[in-house]
Each structure stands twice: as structure tokens, then as C-alpha cells.
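Enquirer: Please see the structure below; I have some questions.
The values are calculated or read from the model by the stated rules, or taken from the named source; none is laboratory data. Everything quoted here is computed from the prediction, not taken from an experiment. All Cβ positions, glycine included, derive from the backbone under ideal geometry; neighbour counts span all protein chains shown.
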Amino acid sequence: MAHDYHATVEWKRDGAAFLDNKYSRGHAWRFDGGIEVPGSSAPSSVPLPYSVAAAVDPEEALVAATSSCHMLFFLFFAAKQGFVVDRYVDDAIGSMTRNEHGKLYISKIVLRPDVTFSGSKQPSKDELDALHHHAHEECYVANSIKADIVVEPKPPRHA
């Protein structure tokens, strides 16, 4: 079964010079639910003031999408096995390097989930690892990109 996902990305010059590359890289991402997210190039790629530090850049979005997808599958599998998750925090990081053709790409994404569980049923380390492994294998985003996805969960927390 195929699904389509839509996003509208809009940038406007707003009268700024263009050919000199001194234009804002700020733009908007709009999603079907109605939310609008400010986007920009990363300040490490395009210096301020032509990028917008407070906006989300595509590289951050890829890391966040990977982390979010993994988390959603993890929560699903944890609930299915009777583990009550109270909190899930992931301080994920993506690393950019050059590929064999000298092109920059996100070569590695490290997920570091920190999960707090409550209730009498607590996962063992092996069960926690299995939940993360299963979530990683099923994550649509991880299955869609060629970067290495590494999961480094912190030990389970208890409320």
C-alpha cells in the first residue's frame, strides 16, 4: 500500500538582490495539518545574515525525522509488549562528511534515546535493546536513507 506525504516549501526574494548571493535563505515549510515551520540553510553552510539561525535547516530536519520515526515505532512496540513509557527523550546528532565523489552528505545519525518507564513491568537491558532494534528495522525514514543509523540508548529510567 503506497502513501503520499506532502510538504510545501516556499521561498520569496522580497526585493533583495539575488545574483550577488546576498539574499536570505529563510523560507517556510508548510504541512498538510496546517503547521508552518521556518526553514533556512544552516549557518555553517551559508553565513549569517543570509541564513536564519532560529530556523530549521534540512540537515537538522533529517536527523529529527529519523529520531521521531524511531521513537514512534519504539513506543508502539513497547506498548504492545506491556511496557509503560512515561517519557522518551533523544538527543540525536547527524554527522556530515564527504562521500567517495567528494560530495557532502549526512553519513551518520546517532540516536541516543533516554526512556523512562513506570509500572511493575520493566524491560531488561536485552528487552530494551530488542525494542530499539525492532524500531530501527521498521522505521520508514531509516529505511529510506543511506546514512548509517546508530542507536545508542541510555539505560531505562524509572519514574
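Enquirer: For residue 79, indicate whether it is more than 20 Å from residue 23 (Cβ to Cβ) and among the aliphatic types (A, V, I, L, M).
Expert: Against the criterion (more than 20 Å from residue 23 (Cβ to Cβ) and among the aliphatic types (A, V, I, L, M)), residue 79 qualifies.
Enquirer: In the list 79, 64, which residue meets the criterion of being within 10 Å of the chain's Cα centre (by Cα) and in the same structural domain as residue 132 (by TED's automatic domain parsing)? Steps first, please.
Expert: Working: 79 fails: within 10 Å of the chain's Cα centre (by Cα).
Selected residue: 64, the only one of 79, 64 that is within 10 Å of the chain's Cα centre (by Cα) and in the same structural domain as residue 132 (by TED's automatic domain parsing).
Enquirer: Check off (1) of a type outside the set (Asp, Glu); (2) within 17 Å of residue 141 (Cα to Cα); (3) in contact with a Ser or Thr (Cβ under 7 Å, 6 or more places away or on another chain) for residue 87 and give me the number that stays unchecked.
Expert: (2)
Enquirer: Output the strands (runs of 3 or more DSSP E) that fall wholly within segment 33-119 and possess 2 or more residues being of a type in the set (S, T, N, Q), or say none.
Expert: Values: elements: 36-39, 84-90, 93-98, 104-111, 113-118.
Hits in segment 33-119: 93-98, 113-118.
Enquirer: Would you please name the residue that is surrounded by the most Cβ atoms within 10 Å (Cβ to Cβ), looking only at residues in segment 10-31 that are part of a strand (DSSP E or B) and of a type in the set (A, V, I, L, M, F, W, C)? Before the answer, list the steps.
Expert: Within segment 10-31, the subset part of a strand (DSSP E or B) is 10, 27-31.
Pick out the ones that are also of a type in the set (A, V, I, L, M, F, W, C) and you get 28-29, 31.
Details: 28: 14, 29: 17, 31: 12.
So, considering only residues that are part of a strand (DSSP E or B) and of a type in the set (A, V, I, L, M, F, W, C), the one surrounded by the most Cβ atoms within 10 Å (Cβ to Cβ) is 29.
Enquirer: Only one of these conditions is not met by residue 92: (1) free of Cβ contacts under 8 Å to residues at least 40 places away in the same chain; (2) loosely packed, with under 14 Cβ neighbours inside 10 Å. Which number is it?
Expert: (2)
Enquirer: Could you tell me whether segment 124-135 includes any residue that is surrounded by 13 or more Cβ atoms within 10 Å (Cβ to Cβ), without any contact (Cβ under 8 Å) to a residue 24 or more places away in the chain and of a type in the set (A, V, I, L, M)?
Expert: Checked segment 124-135: at least one residue is surrounded by 13 or more Cβ atoms within 10 Å (Cβ to Cβ), without any contact (Cβ under 8 Å) to a residue 24 or more places away in the chain and of a type in the set (A, V, I, L, M).
Enquirer: Is it true that residue 80 is loosely packed, with under 11 Cβ neighbours inside 10 Å, of a type in the set (Lys, Arg) and modelled with pLDDT under 95? Steps first, please.
Expert: Values: loosely packed, with under 11 Cβ neighbours inside 10 Å: yes; of a type in the set (Lys, Arg): yes; modelled with pLDDT under 95: no.
When the stated conditions are applied, residue 80 does not pass them.
Enquirer: State which residue is modelled with the lowest pLDDT when the search covers only segment 146-159 and only residues that are surrounded by 15 or more Cβ atoms within 10 Å (Cβ to Cβ) and not in a strand (DSSP E or B).
Expert: That would be 147.
Conditions (1) touching a helix residue (DSSP H, G or I) at 6+ places or on another chain (Cβ under 6 Å); (2) closer than 30 Å to residue 12 by Cβ, marked per residue:
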{"site": "88", "(1), (2)": "yes, no"}
{"site": "94", "(1), (2)": "yes, yes"}
{"site": "120", "(1), (2)": "no, no"}
{"site": "132", "(1), (2)": "no, no"}
